[in-house]
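Chemist: One structure coming up, written as structure tokens, with questions to follow.
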Ligand code: HEM
């Protein structure tokens with residue numbers, strides 16, 4: 001076996017050569033802009049990988065393994081949100097100095113982000129239109145669309161255990177299934193928090209009325225996505241405790 005050290009194990013030479021600022025002369029803030037996006041994509045990769053574990057656990061009706069996996073999914077989602085704070089330090093006039101070099105590139109072209117949304121369960125007309133805007137969806141998004149949604153998998157697990165969703169909230173005490181369902185709801189909440197922090201970032205840097213490099217209305221378009229739901233049934237069950 002060849003000797004492996006820190007640099008070769010992590011392929012640091014290649015990794016650290018992957019940032020290519022486009023501005024001429026190079027803008028001092030463009031490296032941060034690239035790294036936050038690249039790091040987010042790396043975390044998206046880990047999140048998608050963890051979704052595979054979660055889906056396998058749900059399909060095997062293994063509640064405890066699914067619970068552990070949801071906890072990791074939630075930790076990852078939190079990390080992805082927190083990275084946006086680094087870009088809050090990018091003042092609008094400085095972003096304007098290199099934005100022109102980004103061309104038409106936009107986060108809305110992130111295939112991994114769309115795959116995460118599809119895996120979690122978005123299937124509404126707006127989402128299907130967004131992913132097909134530039135032709136057939138990328139392979140990873142298509143594959144994610146063909147999987148059962150997380151909500152359908154958790155409902156199948158409940159059916160397998162002969163437990164009604166509502167009874168998790170009315171039964172004698174918290175069970176692992178209750179914690180799992182609440183963990184998924186926590187994921188939805190944390191993901192929506194990324195969406196909200198991202199809208200705020202966009203408003204802070206380019207203003208509420210500026211269109212995006214991807215051709216949308218910018219913050220106006222993004223703020224509408226904050227209320228999208230992966231798990232409508234997990235939200236709806238809560239209203240049972242309240243009158244109209
Ligand atoms: C200077 C910071 C940023 C600005 C000004 C910005 C701006 C925008 C705008 C205006 C959009 C709407 C689509 C468009 O027309 O382009 C968008 C979408 C998006 N951005 Fe950002 N963004 C920033 C940072 C980030 C970061 C760090 C990520 C992390 C990967 C990210 C990921 C995304 C994603 C995934 C979408 C699609 C969201 C959706 O359609 O629901 N953005 N961004």
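The values are calculated or read from the model by the stated rules, or taken from the named source; none is laboratory data. No experiment lies behind these values; they were computed from the predicted model shown. Cβ coordinates were reconstructed from backbone atoms using ideal geometry, including for glycine residues, and neighbour counts include every protein chain displayed.
Chemist: Being on the phi > 0 side of the Ramachandran plot and surrounded by fewer than 17 Cβ atoms within 10 Å (Cβ to Cβ) is the filter here, so list the residues in the stretch 178-237 that pass it. Walk me through how you get there before you give the answer.
Modeler: First pass over the stretch 178-237, keeping only residues on the phi > 0 side of the Ramachandran plot: 207, 215, 218.
Within the stretch 178-237, 207, 215 meet the criteria.
Chemist: With modelled with pLDDT of 95 or more, assigned to a loop (DSSP other than H, G, I, E, B) and either under 20 Å from residue 80 (Cα atoms) or in contact with a strand residue (DSSP E or B) (Cβ under 8 Å, 6 or more places away or on another chain) (or both) as the only criterion, which of 191, 230, 196 stands out?
Modeler: Only one candidate qualifies: 230.
Chemist: Next question, about the same structure. Among 52, 62, which is the only one that is away from the ligand (no atom under 15 Å from the Cβ), over 19 Å from the mean Cα position of the chain (by Cα) and surrounded by fewer than 17 Cβ atoms within 10 Å (Cβ to Cβ)?
Modeler: On inspection, the qualifying residue turns out to be 62.
Chemist: For the structure I just gave you, tell me whether residue 116 is at pLDDT 95 or above and within 16 Å of the ligand (Cβ to nearest atom).
Modeler: Values: at pLDDT 95 or above: yes; within 16 Å of the ligand (Cβ to nearest atom): yes.
It is true that residue 116 is at pLDDT 95 or above and within 16 Å of the ligand (Cβ to nearest atom).
Chemist: Looking only at the stretch 199-215, how many residues end up being modelled with pLDDT under 95 and within 19 Å of the chain's Cα centre (by Cα)?
Modeler: So the count comes out to 1.
Chemist: Out of curiosity, is residue 162 on the phi > 0 side of the Ramachandran plot and free of Cβ contacts under 8 Å to residues at least 40 places away in the same chain?
Modeler: Taking the combined requirement at face value, the residue satisfies it.
Chemist: So is residue 132 surrounded by fewer than 14 Cβ atoms within 10 Å (Cβ to Cβ), modelled with pLDDT under 95 and farther than 16 Å from residue 55 by Cβ or not? Steps first, please.
Modeler: Values: surrounded by fewer than 14 Cβ atoms within 10 Å (Cβ to Cβ): yes; modelled with pLDDT under 95: yes; farther than 16 Å from residue 55 by Cβ: yes.
So residue 132 fits the description; yes.
Chemist: Given the criterion at pLDDT 95 or above, touching a helix residue (DSSP H, G or I) at 6+ places or on another chain (Cβ under 6 Å) and in a helix (DSSP H, G or I), identify the matching residue among 165, 157.
Modeler: Only one candidate qualifies: 157.
Residues are listed down the side, and each one gets a yes or a no for (1) surrounded by 14 or more Cβ atoms within 10 Å (Cβ to Cβ); (2) touching a residue at least 12 places away in the same chain (Cβ under 8 Å); (3) in a loop (DSSP other than H, G, I, E, B):
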{"site": "90", "(1), (2), (3)": "yes, yes, yes"}
{"site": "100", "(1), (2), (3)": "no, no, no"}
{"site": "112", "(1), (2), (3)": "yes, yes, no"}
{"site": "122", "(1), (2), (3)": "yes, yes, yes"}
{"site": "137", "(1), (2), (3)": "yes, yes, yes"}
{"site": "144", "(1), (2), (3)": "yes, yes, no"}
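Chemist: Any chance you could count how many residues in the stretch 10-34 are in a helix (DSSP H, G or I), in contact with a helix residue (DSSP H, G or I) (Cβ under 8 Å, 6 or more places away or on another chain) and either within 30 Å of residue 152 (Cβ to Cβ) or without any contact (Cβ under 8 Å) to a residue 24 or more places away in the chain (or both)?
Modeler: 2
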